[in-house]
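Novice: Quick one: structure below, then a few questions.
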Amino acid sequence: MPSRRNGLLTRRALVAATVLGAGGSALAQRPPQPPRVKGPLVWLDMDQQDLDDAYDQLVYAPNRDYILKRCARNSELARERLGAPKRFAYGATPIEALDVFTTKVANAPVSVFVHGGAWRTGLAINYAYAAEMFVNAGAHHVVLDFNNVLETGGDLMVMADQVRRAVAWVYRNAKSFGGDGERLYVCGHSSGGHLAGVLLTTDWKKEFGLPPTVIKGGVCGSGMYDLKPVRLSKRSSYVKFTDAMEDKLSPQRHLDLLAAPVALVHGTLETPEFQRQSRDFAAAVKAAGKPVTLAVMESYNHFEVMEQLGNPYSLFGRAVLEQMRLAPR
Amino acid sequence: MTMQYDDNTTRRAVLAAAAGGAAVAASAPARAQQPRAQGPLVWLDMDQQALDDAYDQIVYAPNREQVAKRRIANSERARAAIGAPERVAYGATEIEKLDIYRTRQANAPVNIFVHGGAWRANRAADYACLAEPFVRSGAHFVILDFTNVDDAGGSLFPMVEQVRRAVGWVYKNAESFGGDPARLYLSSHSSGSHIGGCVVTHDWRKEGLPVDILKGATLGSGMYDLKPVRLSKRSKYVKFTDAMEEALSAQRHIDKLNTPLILAHGTYETPEFQRQTRDFYAAVKAAGKPVELIIGEGYNHFEMLETLANPYGLLGRAVLAQMRLGTAA
């Protein structure tokens, strides 16, 4: 199903030569690259440059800024139609807050969304574009705010702790906005897909005194589930990886804690690593004998996958609704 | 609401240097353009090159092939989800057929879709992805096949005549597939919207059919006056005549319009495709007839159509609302 080109180098050179619509200005910084001599392999069949590129979305998705802008605008339009969300604090600092778009259905299931942005950008306000789909289908839609890795001194543990506390808050307080805490689902994209994976492999009993089945299902879009290659890539210039962080926050290494069905989604035009991460995580969950599905979106890049969360008939939107047993409408 | 570029030339230069992922091969002729001396003006502020570019989608939408590829993949998936359509002949020749995707509701409204492709390309089967939101919302979705301009010896008349005949067929036969002939709507894209414009400005009395045969139409990214098209390089494959230009310029026949219109374009479309919609909107409005303009911020020509495949997308939402099948919670 994934469209493959003969050589990775060829594909990268091709894509790097590329400018898309308004992505143009963003890509102008990156001139077409001449073929180059490959250096020593640092991960699988990749040298440092290959690996760095495989963790740099812009190399494979030159229309990044164009799609992000469109999703931000569509989020604005969603708020115009639905009204402003309710905003609740789940912690003491100002960023530790969440937006709730409420459905009219009583005692409704709750979807918690974790945004992406390579762990270093993104705000809940720009990720409301899928809210109408959830609300109309009969679910509350919660969009989390949390710190980014630049604000946490390079530490992903702080972010993991925040999103975990946010989920615990939703579980305990769902009733206050008409939600059913026993039907809590998580969803994330990109680095938010990674964090959703972390949520799904959290020891809820040990860390929060909550039942291990706090989360009833998770959909992880275009995420990372083992941090080793990420640590080897240039992302370590801003994430201060440690052995403990790599181990604790690699969901693929904690499948024993996984207590909910997982649906994974990626696009065929994503970077080789972002395709492999989903593929390998799916295989590992399956090998552990736990329920998992993998949906591959033909001819979608990283950000185009993200945008499709707002479409109940896309593989992404459909995966989320099906998991929550909601009919698209 | 509209994002404007200060200088079309600058924008074109940025985009012309461009090729989106899979579009690279297809856009080989769209060589990187150096700033160039402007030739004599042939239309508004455009010289021949500028006008030709304004009627060549790939210059402004380099991801054309990528978007087409996923439309086809999504259509295969849609047919698996909602079942194969009923394929019925509306005329004697092989191509004069239409695909009916039926909703379960009895006596349901019907939307008829007219595809684009610069009058030269595409077939009904590859647009099945548009059907699912309508079928699930309680409408039948009919996708037309019709000849193309190359098979018609360069004339646009046979295409327009076929599509009009197909609409007449649906009106007369709607009851045979559970449709309500009194609630017939049309939607279309690109050159399909040119044809759609000719359908809604047709004098249906000649066929002995009601002048309001269509209760609403949503024309996306179309052309409504053929003069500049005739001046462009499209005249290499369309054998324009004075009679064709005059008879098939919808904007010149607004007196016969009896269907409320929604017109739409994206902000990343070519200058001419934006202007055509803007001017047709102004002309219909000036004639005192019901018309609405939707501007898709951050969408190019092909991405605009993708929003019809989503009940929460710009076009999907608009068409469902026009058919009074809103997605409200």
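Quick note: the coordinates plus some simple rules give every number you see, no bench work behind them. In this text, all values refer to a predicted model and were calculated from it rather than measured experimentally. Glycine gets a Cβ as well: all are built from the backbone with ideal geometry, and neighbour counts include every protein chain shown.
Novice: Has the range A:236-243 got at least one residue that is under 25 Å from A:V59 (Cα atoms), within 14 Å of chain B (Cβ to nearest Cβ), assigned to a loop (DSSP other than H, G, I, E, B) and β-branched (V, I, T)? Explain how you work it out, then say what you get.
Specialist: Keep residues of the range A:236-243 that are under 25 Å from A:V59 (Cα atoms), which gives A:236-241.
From what is left, the residues that are within 14 Å of chain B (Cβ to nearest Cβ) are none.
Within the range A:236-243 (the criterion being under 25 Å from A:V59 (Cα atoms), within 14 Å of chain B (Cβ to nearest Cβ), assigned to a loop (DSSP other than H, G, I, E, B) and β-branched (V, I, T)), the answer is no, since none of the residues qualifies.
Novice: I've got another one for you. Working carefully through the options A:A263, A:A319, A:A284, find the one that is part of a helix (DSSP H, G or I), farther than 16 Å from B:Y312 by Cβ and touching a helix residue (DSSP H, G or I) at 6+ places or on another chain (Cβ under 6 Å). So that I can check it myself, show each step before the final result.
Specialist: Working: A:A263 fails: part of a helix (DSSP H, G or I); A:A319 fails: touching a helix residue (DSSP H, G or I) at 6+ places or on another chain (Cβ under 6 Å).
Exactly one residue qualifies, and that residue is A:A284.
Novice: Here's something else I'd like to know. Can you find even one residue in the range A:121-129 that is over 23 Å from A:K234 (Cα atoms), more than 14 Å from chain B (Cβ to nearest Cβ) and buried (at least 18 other Cβ atoms within 10 Å of the Cβ)?
Specialist: yes
Novice: Mind telling me which of the residues A:G188, A:G197, A:G192 ends up being closer than 22 Å to A:G267 by Cα, of a type outside the set (S, T, Y), surrounded by 19 or more Cβ atoms within 10 Å (Cβ to Cβ) and touching a Pro at 6+ places or on another chain (Cβ under 6 Å)?
Specialist: The match here is A:G197.
Novice: For residues that are surrounded by fewer than 21 Cβ atoms within 10 Å (Cβ to Cβ) and either assigned to a strand (DSSP E or B) or on the phi > 0 side of the Ramachandran plot (or both), tally how many sit in the range B:169-187.
Specialist: 5
Novice: Looking only at residues in the range B:104-125 that are under 21 Å from B:F177 (Cα atoms) and surrounded by 22 or more Cβ atoms within 10 Å (Cβ to Cβ), which one is farthest from the chain's Cα centre (by Cα)? Can you show your working first?
Specialist: Let us first name the residues in the range B:104-125 that are under 21 Å from B:F177 (Cα atoms), namely B:104-114, B:124-125.
Retained after the next criterion (residues that are surrounded by 22 or more Cβ atoms within 10 Å (Cβ to Cβ)): B:108-114.
On the way: B:A108: 23, B:P109: 20, B:V110: 17, B:N111: 14, B:I112: 12, B:F113: 8, B:V114: 6 Å.
Step by step, filter the range B:104-125, then rank; the result is B:A108.
Novice: If I filter the range A:271-301 down to residues being within 14 Å of chain B (Cβ to nearest Cβ) and in contact (Cβ under 8 Å) with a residue 60 or more places away in the chain, which single residue comes out as nearest to A:D65 (Cα to Cα)? Can you show your working first?
Specialist: Of the range A:271-301, the ones within 14 Å of chain B (Cβ to nearest Cβ) are A:271, A:295-301.
Add one more test, that the residue is in contact (Cβ under 8 Å) with a residue 60 or more places away in the chain, and what stays is A:271, A:296, A:298-299, A:301.
Numbers: A:T271: 17, A:V296: 23, A:E298: 21, A:S299: 18, A:N301: 13 Å.
Per the criteria, the residue is A:N301.
Novice: I would also like to ask the following. Can you tell which of B:A68, B:A84 is closer than 30 Å to A:V305 by Cβ, more than 9 Å from chain A (Cβ to nearest Cβ) and either in a helix (DSSP H, G or I) or not hydroxyl-bearing (S, T, Y) (or both)? Give the steps one after another, and end with the answer.
Specialist: Working: B:A68 fails: more than 9 Å from chain A (Cβ to nearest Cβ).
Exactly one of B:A68, B:A84 is closer than 30 Å to A:V305 by Cβ, more than 9 Å from chain A (Cβ to nearest Cβ) and either in a helix (DSSP H, G or I) or not hydroxyl-bearing (S, T, Y) (or both), namely B:A84.
Novice: Looking for whichever is out of contact with any Ser or Thr (no Cβ under 7 Å at 6 or more places or on another chain) and surrounded by fewer than 15 Cβ atoms within 10 Å (Cβ to Cβ) here; the options are A:D56, A:D45. Which one fits?
Specialist: Numbers: A:D56 fails: surrounded by fewer than 15 Cβ atoms within 10 Å (Cβ to Cβ).
None of the other options fit; the residue is A:D45.
Novice: Another one. With respect to the numbered conditions (1) closer than 19 Å to B:F146 by Cα; (2) surrounded by fewer than 24 Cβ atoms within 10 Å (Cβ to Cβ), which one is the sole condition not fulfilled by B:S190?
Specialist: (2) is the only condition that B:S190 fails.
Rundown of residues vs (1) more than 14 Å from every other protein chain (Cβ to nearest Cβ); (2) among the aliphatic types (A, V, I, L, M), yes/no style:
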residue: B:A283; (1), (2): yes, yes
residue: B:I295; (1), (2): no, yes
residue: B:N300; (1), (2): no, no
residue: B:N310; (1), (2): no, no
residue: B:L315; (1), (2): no, yes
residue: B:L320; (1), (2): no, yes
residue: B:R324; (1), (2): yes, no
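Novice: Mind listing whichever residues of the range B:251-275 are closer than 17 Å to B:P210 by Cβ and β-branched (V, I, T)?
Specialist: B:T259
Novice: For the range A:88-106, give me the residue count where each residue is assigned to a loop (DSSP other than H, G, I, E, B), among the hydrophobic types (A, V, I, L, M, F, W, C) and over 16 Å from A:V158 (Cα atoms). Can you show your working first?
Specialist: We begin by selecting, within the range A:88-106, every residue assigned to a loop (DSSP other than H, G, I, E, B); these are A:90-96, A:102-106.
Add one more test, that the residue is among the hydrophobic types (A, V, I, L, M, F, W, C), and what stays is A:92, A:95, A:105-106.
Next, only the ones that are over 16 Å from A:V158 (Cα atoms) stay: A:105-106.
Within the range A:88-106, residues that are assigned to a loop (DSSP other than H, G, I, E, B), among the hydrophobic types (A, V, I, L, M, F, W, C) and over 16 Å from A:V158 (Cα atoms) number 2.
Novice: Could you pull out every one of the strands (runs of 3 or more DSSP E) wholly within the range A:129-223 that has 1 or more residues that are touching a residue at least 60 places away in the same chain (Cβ under 8 Å)?
Specialist: Numbers: elements: A:140-144, A:179-189, A:217-221.
Of the strands (runs of 3 or more DSSP E) lying wholly inside the range A:129-223, those with at least 1 residues that are touching a residue at least 60 places away in the same chain (Cβ under 8 Å) span A:179-189, A:217-221.
Novice: Looking at B:A118, is it assigned to a loop (DSSP other than H, G, I, E, B), closer than 17 Å to B:L144 by Cβ and not basic (K, R)?
Specialist: Numbers: assigned to a loop (DSSP other than H, G, I, E, B): yes; closer than 17 Å to B:L144 by Cβ: yes; not basic (K, R): yes.
It is true that B:A118 is assigned to a loop (DSSP other than H, G, I, E, B), closer than 17 Å to B:L144 by Cβ and not basic (K, R).
Novice: Kindly list the number of the only condition in (1) among the acidic types (D, E); (2) more than 11 Å from chain B (Cβ to nearest Cβ); (3) in a helix (DSSP H, G or I) that fails for A:E304.
Specialist: (2)
Novice: Hey, another quick one. Would you confirm, using the coordinates I've provided, whether B:K285 is surrounded by fewer than 24 Cβ atoms within 10 Å (Cβ to Cβ) and either in contact (Cβ under 8 Å) with a residue 40 or more places away in the chain or in a loop (DSSP other than H, G, I, E, B) (or both)? Give the steps one after another, and end with the answer.
Specialist: Working: surrounded by fewer than 24 Cβ atoms within 10 Å (Cβ to Cβ): yes; either in contact (Cβ under 8 Å) with a residue 40 or more places away in the chain or in a loop (DSSP other than H, G, I, E, B) (or both): no.
No.
Novice: Quick one: count up the residues across the range A:130-170 that are surrounded by fewer than 24 Cβ atoms within 10 Å (Cβ to Cβ), aromatic (F, W, Y) and within 14 Å of chain B (Cβ to nearest Cβ).
Specialist: The total comes to 0.
Novice: Right, something else. Please indicate, with yes or no, whether at least one residue in the range A:60-67 is outside any helix (DSSP H, G or I) and either surrounded by fewer than 17 Cβ atoms within 10 Å (Cβ to Cβ) or in contact with a His (Cβ under 9 Å, 6 or more places away or on another chain) (or both). Don't jump to the end; show me each part of the working.
Specialist: Going through the range A:60-67, the residues outside any helix (DSSP H, G or I) turn out to be A:61-63.
So of that shortlist, the ones also either surrounded by fewer than 17 Cβ atoms within 10 Å (Cβ to Cβ) or in contact with a His (Cβ under 9 Å, 6 or more places away or on another chain) (or both) come out as A:61.
There is at least one residue in the range A:60-67 that is outside any helix (DSSP H, G or I) and either surrounded by fewer than 17 Cβ atoms within 10 Å (Cβ to Cβ) or in contact with a His (Cβ under 9 Å, 6 or more places away or on another chain) (or both).
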